[in-house]
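Input: a single structure, listed below in structure tokens.
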Amino acid sequence: MAAPLTLLLVLAVTIRAALFRSSLAELIAERVEVVSPITAWKRVVEGLALLDLGVSPYSGDVFHETPLIIYLFHFVVDYAEITFMLADVITAVALYMAVKDYNKQVFRKQKFALEADRYPLDCLELIRSPKEMYYIPLKVAMFYLLNPFTILSCVAKSTCGLNNAVVALFIFSTIKGNTLLSAIFLCLATYQSIYPLTLCAPAMLYLMQRQYIPVNFRRASFWWFIAQYLFMYLGSLFVLICLSFFLLGSWDYMPSVYGFILSVPDLTPNIGLFWYFFAEMFEHFRLFFLCVFQINVFFYTIPLSVKLKEHPVFLIFMQLAVISIFKSYPTVGDIALYMAFLPVWSHLYRFLRNTFLVSCVLLACSTLFPVLWHLWIYAGSANSNFYYAITLLFNVAQILLVSDYFYAFLRREHHLTYGLYLKRKDGSEATLVLK
């Protein structure tokens, strides 16, 4: 498997290098679908210029990335293209290794369940074979590296690629069962954009499974593990925040980074749900609806964690999708990360209901984004309503995609417990309704 992965990495790097050298690079870097006021490379460059002049990069309303990012590029700004390509390679390899290890665990659990006769006889066709699972890690790496959204994000030098690399390393260290590295990488991801905080629940659930700790509020081992993980996570976060303070000598970055993400003052159009709504919002209603919109990202964590407590890896996939849909400044790079996991759930295809519809809508919206932007900004023959309509449709398609996979996953688990062909008490065929 090493040779195909190497060829894939070479191909991905070649495509990115060719686009970096083309005239398209500058055009892509300006696209509002690809970069946001937080992740745009031109804002990083302006922040670096202020830093070189001895001025705080957070003194104006230009730079909104974290201090570690600006100090990282302070040293590697001349190698920015290599840095972003390397971030994509790290993400792909981390996802490849994580999924490979996860598939081994799934196959092992499946084998034990078969030996114990836990599956009904009529659902053996739902059992996954080693041949079917063998190429899934490579497909995951391919789905990430060759996804047009990932390529565009890398060529635009969006710092979203660095965030994805950190999240991928968090997933890899979690699936490997390394509690300390999991907490550290989750802390780095949270430090970058707040929203990965919701990944804390699936990480703890997975690590407890690895260590055979039951999810039971009455067990001391349950609370002891949570205390340990939170101590490592919060301790790492405290170190990062203090390090940022010592680098800058002030707390200016707190409102400029985290306040900016939560209060959404910049209403530059993007593929998210915030910008148009708050552009039309009366000022005295703004705080209330801001809280409602922001709570959306965090609200689903508890019910999803309760429902999927036995399947924390699928919960990670769901949480990544929720973050990419409901965060305040999303880009196509965020979508590429959770879409890379779709091959992992290839065994759910038979239960999906809206695959064709969702695929067509996502492709159509991706094509119409630049068209309607041109009609609005340059031609003047459209307005913001047209662009926001496509944005809404794009997000509805994502919600349909995620909810469809959620339905398919729950249905397959139900069949593995009760059988594939359900019967009523009178012997007639039953219809499964999930509520």
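The values are calculated or read from the model by the stated rules, or taken from the named source; none is laboratory data. The shown structure was predicted, so the numbers you read here are calculated from the model rather than taken from an experiment. Every residue, glycine among them, receives a Cβ derived from its backbone with ideal geometry; neighbour counts consider all protein chains shown. The accessibility values were calculated without ligands, DNA or RNA, using every heavy atom of the protein model including side chains. Shrake-Rupley method; radii C 1.70, N 1.55, O 1.52, S 1.80 Å.
For region 121-137, the count of residues that are among the small types (Gly, Ala, Ser) and open to solvent by 30 Å² or more (accessible area, probe 1.4 Å) is nonzero.
Take CYS160 and tell me if it is farther than 16 Å from ALA12 by Cβ, in contact (Cβ under 8 Å) with a residue 24 or more places away in the chain and in contact with a Ser or Thr (Cβ under 6 Å, 6 or more places away or on another chain). Even if it seems obvious, please write down each step before you answer.
Details: farther than 16 Å from ALA12 by Cβ: yes; in contact (Cβ under 8 Å) with a residue 24 or more places away in the chain: yes; in contact with a Ser or Thr (Cβ under 6 Å, 6 or more places away or on another chain): yes.
Spelling it out, CYS160 is indeed farther than 16 Å from ALA12 by Cβ, in contact (Cβ under 8 Å) with a residue 24 or more places away in the chain and in contact with a Ser or Thr (Cβ under 6 Å, 6 or more places away or on another chain).
Looking only at region 91-98, decide whether some residue is under 27 Å from SER244 (Cα atoms) and either not assigned by the TED database to the domain that holds GLY333 or not in a loop (DSSP other than H, G, I, E, B) (or both). Yes, some residue in region 91-98 is under 27 Å from SER244 (Cα atoms) and either not assigned by the TED database to the domain that holds GLY333 or not in a loop (DSSP other than H, G, I, E, B) (or both). Look at (1) in contact (Cβ under 8 Å) with a residue 60 or more places away in the chain; (2) among the hydrophobic types (A, V, I, L, M, F, W, C); (3) more than 26 Å from LEU9 (Cα to Cα); (4) open to solvent by 50 Å² or more (accessible area, probe 1.4 Å) and you find that PHE143 fails only one, number (3). Among the residues of region 340-365, which ones are in a helix (DSSP H, G or I), farther than 20 Å from LEU392 by Cβ and either touching a strand residue (DSSP E or B) at 6+ places or on another chain (Cβ under 6 Å) or not β-branched (Val, Ile, Thr) (or both)? Across region 340-365, the qualifying residues are LEU342, PRO343, TRP345, SER346, HIS347, LEU348, TYR349, ARG350, PHE351, PHE356.
Regarding region 328-337, can at least one residue be identified that is in the same structural domain as VAL140 (by the TED database), assigned to a helix (DSSP H, G or I) and touching a Cys at 6+ places or on another chain (Cβ under 8 Å)?
Yes - at least one qualifying residue is present in region 328-337.
Somewhere in region 414-424, is a residue of a type outside the set (Ser, Thr, Tyr), open to solvent by 80 Å² or more (accessible area, probe 1.4 Å) and farther than 30 Å from LYS309 by Cα? No; the residues of region 414-424 include none that is of a type outside the set (Ser, Thr, Tyr), open to solvent by 80 Å² or more (accessible area, probe 1.4 Å) and farther than 30 Å from LYS309 by Cα.
Reported count of residues in region 49-71, each being under 21 Å from ILE261 (Cα atoms), of a type outside the set (Ser, Thr, Tyr) and either open to solvent by 30 Å² or more (accessible area, probe 1.4 Å) or touching a strand residue (DSSP E or B) at 6+ places or on another chain (Cβ under 8 Å) (or both), is 4. Within region 14-30, restricting attention to residues that are closer than 16 Å to MET85 by Cα and of a type in the set (A, V, I, L, M), the residue that is surrounded by the fewest Cβ atoms within 10 Å (Cβ to Cβ) is ALA18.
Go through region 319-337 and count every residue that is within 17 Å of MET142 (Cα to Cα) and free of Cβ contacts under 8 Å to residues at least 60 places away in the same chain. Write out each step before concluding.
Just the residues of region 319-337 that are within 17 Å of MET142 (Cα to Cα), to begin with: 332-337.
So of that shortlist, the ones also free of Cβ contacts under 8 Å to residues at least 60 places away in the same chain come out as none.
Going through region 319-337 one residue at a time, the tally reaches 0.
If the condition is being without any contact (Cβ under 8 Å) to a residue 40 or more places away in the chain, of a type outside the set (D, E, K, R) and not in a helix (DSSP H, G or I), then region 1-41 contributes SER22, SER23. Any chance region 104-123 includes a residue that's free of Cβ contacts under 8 Å to residues at least 60 places away in the same chain, β-branched (Val, Ile, Thr) and either within 20 Å of LEU337 (Cα to Cα) or assigned to a helix (DSSP H, G or I) (or both)? Yes, there is a match, as at least one residue in region 104-123 is free of Cβ contacts under 8 Å to residues at least 60 places away in the same chain, β-branched (Val, Ile, Thr) and either within 20 Å of LEU337 (Cα to Cα) or assigned to a helix (DSSP H, G or I) (or both). Is it true that LYS327 is within 25 Å of LEU169 (Cβ to Cβ) and either of a type outside the set (S, T, N, Q) or open to solvent by 10 Å² or more (accessible area, probe 1.4 Å) (or both)? Yes; evaluated as a whole, the condition is true for this residue. Check region 288-306 and report whether any residue there is at positive phi, at pLDDT below 95, surrounded by 14 or more Cβ atoms within 10 Å (Cβ to Cβ) and in a loop (DSSP other than H, G, I, E, B). No, region 288-306 contains no residue that is at positive phi, at pLDDT below 95, surrounded by 14 or more Cβ atoms within 10 Å (Cβ to Cβ) and in a loop (DSSP other than H, G, I, E, B). With the condition kept exactly as written, say whether any residue in region 88-104 is over 26 Å from the mean Cα position of the chain (by Cα) and surrounded by fewer than 16 Cβ atoms within 10 Å (Cβ to Cβ). The answer is no, given that none of the residues of region 88-104 is over 26 Å from the mean Cα position of the chain (by Cα) and surrounded by fewer than 16 Cβ atoms within 10 Å (Cβ to Cβ).
Restricting attention to region 367-400, the residues being without any contact (Cβ under 8 Å) to a residue 60 or more places away in the chain, assigned to a helix (DSSP H, G or I) and either open to solvent by less than 70 Å² (accessible area, probe 1.4 Å) or of a type in the set (A, V, I, L, M, F, W, C) (or both) number 14. None of SER129, SER59 is touching a residue at least 12 places away in the same chain (Cβ under 8 Å) and among the small types (Gly, Ala, Ser) except SER59.
The listed residues are ILE38, ILE82, ILE15, and the only one of them that is within 22 Å of the chain's Cα centre (by Cα) and of a type in the set (A, V, I, L, M) turns out to be ILE38.
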